[in-house]
1. Keeping the other protein chains in place, figure out the carbon and sulfur percent of the accessible area of the chain, with a 1.4 Å probe.
2. Could you do me a favour and compute the accessible area per residue for the chain, 1.4 Å probe, result in Å²?
3. To the nearest 500 deg cm²/dmol, what mean residue ellipticity at 222 nm is calculated for the chain from DSSP H runs of n ≥ 4 alone, each contributing -39,500 (n - 2.57), summed and divided by the residues?
4. Could you compute the net charge surrounding Leu73? Neighbours are other residues with a C-beta less than 9 Å from the C-beta of Leu73; K and R count +1, D and E count -1.
5. Most fluctuating residue of Phe109, Phe84, Phe46 in a GNM of the chain with Cα springs under 10 Å: which is it?
6. Put a dot 7 Å past each Cα toward the Cβ at Asp53 and Asn82; how far apart are the dots in nm?
7. Less than 19 Å from a label point 7 Å out along the Cα-to-Cβ axis of Ile89: which backbone N atoms in the stretch 116-139 qualify, by residue?
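The values are calculated or read from the model by the stated rules, or taken from the named source; none is laboratory data. Since we're looking at a predicted model, the values are computed, not measured. Every residue, glycine as well, gets a Cβ built from its backbone with ideal geometry; the counts of neighbours run over all protein chains shown. Please note that ligands, DNA and RNA were not included when accessible areas were found on the heavy atoms of the full protein model with its side chains. Shrake-Rupley method; radii C 1.70, N 1.55, O 1.52, S 1.80 Å.
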Amino acid sequence: EKLYKDEDVEQWALAQQRLAGKWSFILIDSPVPNAFVSEILPQRIFITTSMIDYFIENDDEMGLVLGHELSHLILGHTTERNTFETSMITLEVLLLSIDPTEGMLSLGFMSLLATIRKVLVASQSRHNEQAADELGIKL
């Protein structure tokens, strides 16, 4: 049994696992400025040509963008978002399956839950972006 739980140590141990391996940088020709990482395609950072053209003028700015994206992975934001959205959708399906009005009540509930899900995801997204900025600067 653990006498002391250090969440920071656990977080960095998980981060080390997520970051281990050889990384690739994938340049995507796109007019939409963006950069992202994905747990589905690990050890890759995707960045669009327009992100570089419009927002990155030097190595330091590129370092900030890359640090920000790696921070999302280190902080587990992708996993959190997927878990939350999957849970909400499962709840919506469950409500639909037990609705005695053959779907009429569930449609209203699902609409309400979908709106709540969007608001919560937007709020969580703002928080996650700020946290990724703060850690990205440190990296």
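1. Numbers: 5910 of 9810 Å².
It is 60 percent, rounded to a whole number.
2. Numbers: 9810 Å² over 139 residues.
On a per-residue basis, 71 Å².
3. Details: 5 runs with 92 residues, N = 139.
It lands at -22500 deg cm²/dmol.
4. On the way: positive: Arg18; negative: Glu39, Glu69.
Around Leu73, the surrounding residues sum to -1.
5. Result for the chain, Cα springs under 10 Å: Phe109 fluctuates most.
6. 3.2 nm
7. Within reach of a label on Ile89, which here means backbone N under 19 Å from a point 7 Å along Cα→Cβ, the stretch 116-139 contributes 116-125.
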